[in-house]
Amino acid sequence: MTSSSNSRLVLVMCFMISAFGIAIGAKFDQEFDITWGDGRAKILNNGDLLTLTLDKISGSGFQSKNEYLFGKIDMQLKLVHGNSAGTVTAYYLSSQGATHDEIDFEFLGNLSGDPYTLHTNVFSQGKGNREQQFHLWFDPTADFHTYSITWNPQRIIFYVDGTPIREYKNSESIGVSYPKNQPMRIYSSLWNADDWATRGGLVKTDWSQAPFSASYRNFSANACIPNSSSSCSSNSATLTSNSWLNEELDNTSQERLKWVQKNYMVYDYCTDSKRFPQGFPADCVQNN
């Protein structure tokens, strides 16, 4: 199936499920539910800011009220500052169940002065193991930065401040499943993972630095929302804004992607010969 045919199919699918819903400049109290943490997660500033907190007793988390089936998702995060070793701030899309789909940003904490590790992964039909990890070219704790996911029938693109850091292409043509049938919610959590997060669990959480806190603002989603009562498919201006349905990286963006991967990628499953001694996964053909 061609890219244009794929996109037309998705448009038809979206129309059948009440098409597109848009949450641009949305308020956190309107778009998200705090799901755990016993008061450690807070929505502040009239819904414009959300904070998660972790202490020795518990972390905290939230999830979107809506499920999405393809879209462009943006969120600004400011990560735990100082000695955040052992902590993980997870921000991801996921469906539920043993054969779930998932698209991950996970920020692995560090010792003061060391870089955060940004961990990315893609699951389809319950199968992940598609990890790429990066160090960032700025201090993600000093200010807010935008972390984005474009998810369409052809590819998933991870962005940091508009710079692509990873592209995962649909490899169904060679027998690899791709997340395209299961609507996913947005989830985020701040939690203790000192059994593996920092240097493979060698560095433990320093609870004298607690409470740890991460902040969120400026969420937006231009996305297909199954069973939405609102529709933005009925006018051409909105359809034009849904360019993410066909989004791919142009030459300039490809060069920026190569720059990030050359200078800041610290792990790629498609080059880990020790992990895959019998040969790399089939999707590496499309994603290298």
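If you take the square roots of the eigenvalues of the alpha-carbon gyration tensor of region 163-229 and sort them as a ≥ b ≥ c, do you get rounded (a/c under 1.5), prolate (a/b over b/c) or oblate?
oblate
At 37 °C and 0.692 mPa s, grab the translational diffusion coefficient of region 42-88 from Stokes-Einstein with a Kirkwood Rh over Cα pairs, rounded to a whole number in µm² per second.
244 µm²/s
Based on the alpha-carbon gyration tensor of region 127-275 and its eigenvalue square roots a ≥ b ≥ c, which shape applies: rounded if a/c is under 1.5, prolate if not and a/b is larger than b/c, or oblate?
prolate
Can you list, largest first and rounded to whole Å, the semi-axes you get for region 3-284 by taking the square root of 5 times each eigenvalue of its Cα gyration tensor?
30, 24, 17
How much length, in nm to one decimal, is gained on full extension between Glu247 and Asn45, taken as 0.36 nm per residue of separation minus their Cα-Cα distance?
That works out to 69.3 nm of additional length.
For the chain: lysine pairs with Cα atoms under 22 Å, gap of 8 or more or different chains, count?
Lysine pairs, 8 or more places apart or on different chains, close enough: 21.
So, with +1 on the Cβ of K and R and -1 on the Cβ of D and E, and no other charges, what is the size of the charge dipole of region 3-284 about its Cα centre, to the nearest 20 debye?
260 debye
Of Gly109, Val285, Val203, which is farthest on the positive side of the dipole of the chain, counting Cα position, with +1 on Lys and Arg Cβ, -1 on Asp and Glu Cβ, and the Cα centre as origin?
Checking the options against the dipole of the chain, the answer is Val285.
For region 140-160 and region 243-288, write down the distance between their C-alpha centroids in whole Å.
Centre-to-centre (Cα) distance: 15 Å.
For Thr99 and His135, FRET efficiency with R0 = 25 Å and r from the beta-carbon atoms, rounded to 0.05?
0.15
We did not get these values from a lab; they are worked out from the coordinates using the rules stated. No experiment lies behind these values; they were computed from the predicted model shown. Reconstructed Cβ throughout: ideal geometry from the backbone, glycine too, with neighbour counts over all protein chains shown.
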